[in-house]
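Worksheet: one structure, shown below.
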């Protein structure tokens, strides 16, 4: 069942917001697929993204999972809302070993203020795809422009 | 109370392992202070680390908190152990707004296999320092070289 | 530094709300101390609270940590707000072995909508007190009576 | 795909361990279904399990989710292993309102030492079933009897 959009321009606005994120270009993360409540991101391996065993750093995978989940939440928000991450939790099931990585973010429940979203990260190593991490997050819709300026969930 | 080192070379080995992490140079994260069970990292603001509101992306702050906590855990491990992150949780209390950021990682309990560690991230904006994020993690000591090769907590 | 109360009756209201919780009497959890942004709860050991190794079940300790953190958040909220737990995370450092347990809940950051709170659980075994668990939570202030009726963070 | 049992007596041993948990009888939680890597528990509403709005307390639902996930992990462990919860995270999507509750615990990845498991809690209110909570956990296999005695993940 595909959720309804509250904001007809949400998918276009989501891509524009994604493109304003300097860190995505820095890490080489791109948008692979967008739908209502669903965002899939792609990340190719690069040696300058690794931890000390030569695998992609858990923090890089998490950055991509956070973006996938956060923008999935954004697609279901009102036209006047922006999205902020209040908290997240990640479990690492296997090392980020592979040539490309795929992060699938999905909304579990979308509310006016809070959205619960999840993400899963997969590594493609040769022709084998492995689930390497799971992620859950609480995303917050921020509406007031002044608050948005401060962008601080805890003062909202 | 400062914990004892099981491995007298732990602090030196920790810095060498830190320097093998490609992602730390990519993001500009450096070691500010190291002690038994304590690692403090520093990160200057850069526009190419930001999310779409112009603040440093939560994933970048998390990457630094994970490294601070993980290497703090590493300092208290045996000489033959390497450290892997099994899971972490982060709360974001305020936007990562500032010129420099400081991540303080500390060990809460160090065991033979599992270590519980925490980190806090602070933003220095002008002369004001603000707590912007909290972080807890379960770190795993990996000993067998073959297992280390696979670096997979869930198969250990 | 003791935080200010927004609601002068908050501490009294907190105790009344605590007493309306059927589960607290069932488990034998009582209020030991209350202050602005701080709640300490006590729990004596009982065999009917145990898991299969004879220690108090992690879920019972978590129930008490959630109450300590949630009511600590409640003490700093507006007079018209009620508190709901949006999410929490717990780490278990040692088994819940002892004759009495003490849960200390504290507010890290109190906002209009979201409050970040933490708790720690200690076991008193003979004369030795041990940190057995840590806990972080996102608490939500619910204001609208209709919403309060539904008590659903994700629809607010 | 149903995972293989390493221990042919795992399902029988799981039920015996469940029955040794005093807290399950106290809260009225029973086993509805058991399979390799899967445990479903049931909980009827009782007024003495409630928080101050009259819903079942989040800690009670969490106790049941922890047991569902932990015993699901146990079913896939070796014959000489016992299970301990190292950490968990729960999100609450809707109030625990209903006449009966169902907790479904499943193993995501089972390793020699660590198992990643998840649970979901559903409320049955009249004829409507609602997802009310999600849960992820790191479970630890404990083998050495002496360690088992101490039952302390962080000293293993």
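Annotations
- Unique residue being farther than 18 Å from residue D:132 by Cβ, in contact with a helix residue (DSSP H, G or I) (Cβ under 7 Å, 6 or more places away or on another chain) and within 14 Å of chain C (Cβ to nearest Cβ) when the list is A:103, A:140: A:140
- Taken over segment A:54-69, the criterion of being part of a helix (DSSP H, G or I) and either within 8 Å of chain B (Cβ to nearest Cβ) or closer than 14 Å to residue A:117 by Cα (or both) is satisfied by A:58, A:59, A:60, A:62, A:63, A:64, A:65, A:66, A:67, A:68, A:69.
- Segment C:1-53, residues that are surrounded by fewer than 21 Cβ atoms within 10 Å (Cβ to Cβ), without any contact (Cβ under 8 Å) to a residue 12 or more places away in the chain and within 24 Å of residue D:67 (Cα to Cα): C:22, C:25, C:26, C:47, C:48, C:50
- So residue B:134, is it in a strand (DSSP E or B), more than 10 Å from chain D (Cβ to nearest Cβ) and modelled with pLDDT of 95 or more: yes
- Residue in segment D:10-23 that is modelled with pLDDT under 95, more than 12 Å from chain C (Cβ to nearest Cβ) and touching a strand residue (DSSP E or B) at 6+ places or on another chain (Cβ under 8 Å) present: yes
- Residues (closer than 17 Å to residue B:72 by Cα and either in a strand (DSSP E or B) or over 14 Å from the mean Cα position of the chain (by Cα) (or both)) located in segment B:21-35: B:30, B:31, B:32, B:33, B:34, B:35
- Residue list for segment D:36-53, restricted to those being part of a helix (DSSP H, G or I) and out of contact with any strand residue (DSSP E or B) (no Cβ under 8 Å at 6 or more places or on another chain): D:47, D:48
- Tally, over segment D:74-110, of residues that are in a loop (DSSP other than H, G, I, E, B) and crowded, with 20+ Cβ neighbours inside 10 Å: 8
- A single member of D:38, D:84 is away from chain C (no Cβ under 13 Å) and in contact with a helix residue (DSSP H, G or I) (Cβ under 7 Å, 6 or more places away or on another chain), and it is D:38.
- Residue in segment D:113-130 that is at pLDDT below 95 and under 19 Å from the mean Cα position of the chain (by Cα) present: yes
- Residue D:26 closer than 20 Å to residue D:140 by Cβ and within 7 Å of chain C (Cβ to nearest Cβ): no
The values are calculated or read from the model by the stated rules, or taken from the named source; none is laboratory data. Quick caveat, the model's predicted, so the values are computed rather than measured. Neighbour counts run over all protein chains shown; Cβ positions are idealised from the backbone, glycine included.
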